[in-house]
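Notes to accompany the following structure.
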Amino acid sequence: MKKKLRVAILFGGRSAEHEISVISARNIAAAMDKNKYEIVSIGIDKHGRWVLDEGARRLLGSRQTRVKLQRGSEARAVIPGGAQPPVARVSARAPLAGVDVVFPVLHGPFGEDGTVQGLLKLANVPFVGAGVLGSAIGMDKDVMKRLLRDAKIPVAKFSVFERGSGDGIDFAAVKRALGVPLFVKPANLGSSVGISKVRNEKQFGAAIKDAFVYDTKIIIEENIRGREIECSVLGNQTPIASVPGEIITRHDFYSYDAKYIDEKGARLVIPAELPPALVRKIQQLAIKTFQILCCQGMARVDFFLRDHRDVIVNEINTIPGFTKISMYPKLWEASGIPYSNLIDRLIELALEKFRAESRLRTSK
Ligand SMILES: Nc1ncnc2c1ncn2[C@@H]1O[C@H](COP(=O)(O)OP(=O)(O)O)[C@@H](O)[C@H]1O
Ligand SMILES: [Mg+2]
């Protein structure tokens, strides 16, 4: 019999989407073919501590959505430098069996932003999704939008400000450049945390203050009026795009509350109702965006559709939600790739990428 592939699922993490990540990981674990894979569950608690073993496994089998370092379970650490096993007790090099591939199911900073990817790269383990660069670019709305703008991909007009750079941000000047309403966002975050839609100077001041709570860099964007369309991308060198879907929210915008608090906050329409020519255009733009932003494996590209014709890229998500009702897997299902086949494919792509990178020389 062929040896089973040991797949570590990394879930939880320090971000606002901790709970979503746990649900995503649980669905992924449930969908994986147990004849092919042996699953190693690694939970990361809200403090960033790694929890491996029974505790984490039990959690995935339960309805609980919070990873906690409990008495009896030990914090673990990755050993950088290609050591085998790559994960060990913090205190001693306990013989934990080697992992063949890691599936990081972490959203936001400390998971989706290249940090975990860097750690896994140092540990010399294949992993699902974008590498260090693509992950970091995808997390930073400023860098992401500059690269897209440079490639002539339509994005909202924007301005960027660093904390402590000068004497405050002048509302009148920003309004002249971008109009109102405006969107104020932390450059590096997700889940709509720290994002405000503002119409006047008073709201503007409060929004800036709030965004700077989450990042030292903020981005201010013109408001794009239009539909919100999302498209899933899958692949390494030759990525493919799914049918697009639509998010319809009953809130002022697709805010944190609309995403996670209000159960009826948003509705997914899959596939989105669009003429075929527009579907093709969105798919082509999704693939181009994926490539320009140095992504690998998977990503969800989010768009605005203005006036039924202008397709504008809003952002890329390199580790999209993976619950059974999440847009990323739903769009693949609607495109003919069922959930568990999608997981197989993502693992294959991770191994493929790792093999290709392993063949590279790092010195003369
Ligand atoms: N420039 C914009 N114009 C109109 N709506 C926007 C704009 N930027 C963001 N939004 C709204 O805010 C939501 C969250 O913004 P987004 O940039 O996607 O951040 P996040 O990474 O937190 O999801 C979007 O889904 C959309 O509803
Ligand atoms: Mg978004």
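Maximal additional length on extending the LYS157-LEU133 stretch stands at 6.2 nm, based on 0.36 nm per residue less the C-alpha distance.
Placing pseudo-labels 7 Å out from each Cα toward the beta carbon at PHE110 and ILE261 gives an inter-label distance of 2.3 nm.
Of the accessible area of the chain, computed with a 1.4 Å probe over protein heavy atoms only, carbon and sulfur atoms account for 52 percent.
Look at the alpha carbon pairs under 8 Å that are at least 6 residues apart: their mean separation over the length of the stretch 171-314 gives a relative contact order of 22 percent. Here is the size of the stretch 107-162 from its Cα atoms: Rg then Dmax, 13.4, 40 Å. Estimated at 0.36 nm per residue, the fully extended path between GLU38 and ARG355 surpasses their Cα-Cα distance by 112.1 nm. Checking every one of the trypsin sites (Lys or Arg not before Pro) in the stretch 252-292 against DSSP loop status and a limit of 15 other Cβ atoms within 10 Å picks out LYS264.
Build a GNM of the chain with springs between Cα atoms under 10 Å apart, and of PRO320, PRO104, PRO86 the one that fluctuates most is PRO86.
Using the 1.4 Å probe convention, the accessible area of the stretch 215-364 works out to 48 Å² per residue with neighbouring protein chains retained. Comparing GLY205, GLY164, GLY61 in a Gaussian network model of the chain (Cα springs below 10 Å), the most mobile by mean-square fluctuation is GLY164. Short-range pairs are left out: with C-alpha atoms under 8 Å and at least six residues apart, the relative contact order of the chain is 17 percent. Figure the gain on full extension for ALA173 and ALA277 (residue separation times 0.36 nm, minus the Cα-Cα span) and round it to one decimal in nm. Result for the pair: 33.6 nm of gain on full extension.
With both labels modelled 7 Å from their Cα along Cα-to-Cβ, the ASN200 to ASP150 distance reads 4.1 nm.
Derived value for the stretch 128-232: Kirkwood hydrodynamic radius 14.5 Å. Basis is the mean of 1/r over every pair of different alpha-carbon atoms.
Calculated FRET efficiency, ASN236 to ILE270, Cβ-Cβ distance, R0 = 22 Å: about 0.30 to the nearest 0.05.
Residues of the chain were split at every exposed loop site, defined as GluC sites (Glu not before Pro) in a DSSP loop with at most 14 other C-beta atoms within 10 angstrom, and the longest piece left, sites excluded, is 1-262. Measuring how big the chain is from its alpha-carbon positions, Rg and Dmax come out at 20.7, 70 Å.
Using R0 = 25 Å, the C-beta based FRET efficiency linking GLN84 and ASP344 works out to 0.50. The distance between label points at VAL213 and SER62 comes to 3.0 nm (points 7 Å beyond Cα on the Cα→Cβ vector).
The values are calculated or read from the model by the stated rules, or taken from the named source; none is laboratory data. Everything numeric in this text was worked out from a predicted model, so none of it was measured. FYI the Cβ positions are ideal-geometry reconstructions off the backbone, even for glycines, and counts take in every protein chain you see. Heavy atoms of the whole protein, side chains included, go into the accessibility calculation; ligands, DNA and RNA do not. Shrake-Rupley method; radii C 1.70, N 1.55, O 1.52, S 1.80 Å.
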